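Here the structure is laid out as structure tokens; the discussion comes afterwards.
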Amino acid sequence: MAGTMRRWEMDAIGRDRLELREQPIPSPGPREVLVKVAAVSLNHRDKMVAETGRGLPITFPFTPGSDLSGAVVEVGDGVTRFAVGHRVISTFTPDWIDGTRPGNARTPAYRTLGGFYPGVLAEYVVLPEEWLVRAPLTLSDAEASTLPCAGLTAWFALVERAGIRAGQTVMIPSTGGVALFGLLIAKAHGAEVIVSGDPDNRQRALSLGADHYIDRHREDWLDAIYGVTGDRGVDHVLDVIGGAHLGKSVQVAAVGAHICQIGALEGFDISAPAMPLMMKDVTIHGIGTGSRQGLENLVRAVDRTELKPVIGSRYALADLPAAFENLDRGPFGKIVIEIA
């Protein structure tokens, strides 16, 4: 396809190094597809990569962003998974198709779009066909773009690792993108959900189905959760905070509970008291998004349950700096870049 497109690029680490540039529209090679990008949802990690590089082997010029939805407009030789016109979404960890995540004890795998691999904040991208899945039929492009990282992370944690069941109780200590997906997925499975966050978000969380909402600033936060559960505790904690918050997750956990450690907003060095961890027989799952098969499972579930992602705000492609500033403030739901 001849012509030019706009793409965000940076020649060095730092958000101030991001520039929106004109580039030729790329052409797909063998087993690759050209996707016209319709929307890109942002993750906290995108901001961190732009600001610090996170120690990744980034090649400049570098384009950030990992989560796209769009349509296939051209296919290369040998492509069998997609045809022109198919709506698609990206996979956050392209090398992880199914089963156990790649990597080993010495070198855990962290080969993700918009990190190890170039990202998707552009009007067109060329990707291997194996790096994409069909988009849900029931979601708009903006909604579909929120699934590859935030949606899959919550799904993979609660459903494919922790094995959530109807009647169980889930604790979600946030109102960000992964957290709200966790709320929606838990409710779809018939669970009781406790959300903790800022007072301003109380009504919005309750309107999405939260059964209880607890102000995260309360001095008696632990006692409030014990009170809601009759001292039993919670069956699942979706810990998107990290740091010392893991200790709180262990304290609110029921006997035999599962803690899904996902985020590190308060630090990558996590800590928890050992005695309740051992005496309660708590299982901790380290969650780093999920596989392509997991994403395909989520897409099917979305279409069958008509689950609707929560989008907090939308921006045009040229307004990426403002979108990152919104991300700094900790939005309610996902931030989406819509590309005309």
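Structural remarks
- Cα gyration tensor shape of segment 1-129, rounded if a/c is under 1.5, else prolate or oblate by comparing a/b with b/c: oblate
- Here segment 151-286 is assigned +1 on the Cβ of each Lys and Arg and -1 on the Cβ of each Asp and Glu. Its dipole about the Cα centre then comes out at about 320 debye.
- Shape category assigned to segment 237-314 from the gyration tensor of Cα positions, a/c cut at 1.5: prolate
- Proximal lysines relative to LYS308, as straight alpha-carbon distance under 17 Å, when same-chain residues fewer than 8 apart are discounted: LYS187, LYS334
- Rounded to the nearest 10 degrees, the inclination of helix 177-188 to the longest alpha-carbon principal axis of the chain is 60 degrees.
- Relative contact order for segment 107-210: 20 percent, from Cα pairs under 8 Å spaced at least 6 residues apart, divided by residue count.
- Eligible aspartates and glutamates near LYS280 by straight Cα distance, threshold 19 Å, same-chain separation 8 or greater: ASP223, ASP231, ASP235, ASP239
- In order along segment 130-141, the phi-based Karplus estimate (6.51 cos²θ - 1.76 cosθ + 1.60, θ = phi - 60°) of 3J(HN,Hα) comes to 5, 8, 10, 9, 5, 6, x, 6, 8, 10, 6, 4 Hz; Gly and Pro are listed as x.
- Among ASP235, ASP67, ASP16, the order by Cβ neighbours within 10 angstrom, fewest to most, reads ASP16, ASP235, ASP67.
- Under 5 Å between amide hydrogens, built in the peptide plane, is the criterion, and for GLY70 it picks out ALA38, VAL88 among residues at least 5 positions away or on other chains.
- Percent antiparallel among DSSP beta bridges (both partners in segment 63-197, rounded to 5): 60
- Per-peptide packing, taken as the mean over residues of other Cβ atoms within 10 Å, places 251-258, 285-292 in the sequence 285-292, 251-258 from highest down.
- Once Rg and the Kirkwood radius are both taken over the C-alpha atoms of the chain, their ratio Rg/Rh works out to 0.98.
- Short-range pairs are left out: with C-alpha atoms under 8 Å and at least six residues apart, the relative contact order of segment 156-305 is 21 percent.
- Ellipticity estimate at 222 nm from DSSP helix runs (n ≥ 4, -39,500 (n - 2.57)) divided over the chain, nearest 500: -6500 deg cm²/dmol
- Sequence ranges 78-86, 303-311, ranked by mean other-Cβ count within 10 angstrom, highest first: 303-311, 78-86
- 0 to 90° range, to nearest 10: angle between helix 292-305 axis and the chain longest Cα axis: 70
- Size descriptors for segment 151-286: radius of gyration and Dmax over Cα atoms are 13.2, 37 Å.
All of the numbers you see were taken from the coordinates with simple rules; none came from a lab. In this text, all values refer to a predicted model and were calculated from it rather than measured experimentally. Here the Cβ is made from the backbone with ideal geometry for all residues, glycine too, and neighbour counts use every protein chain on show.
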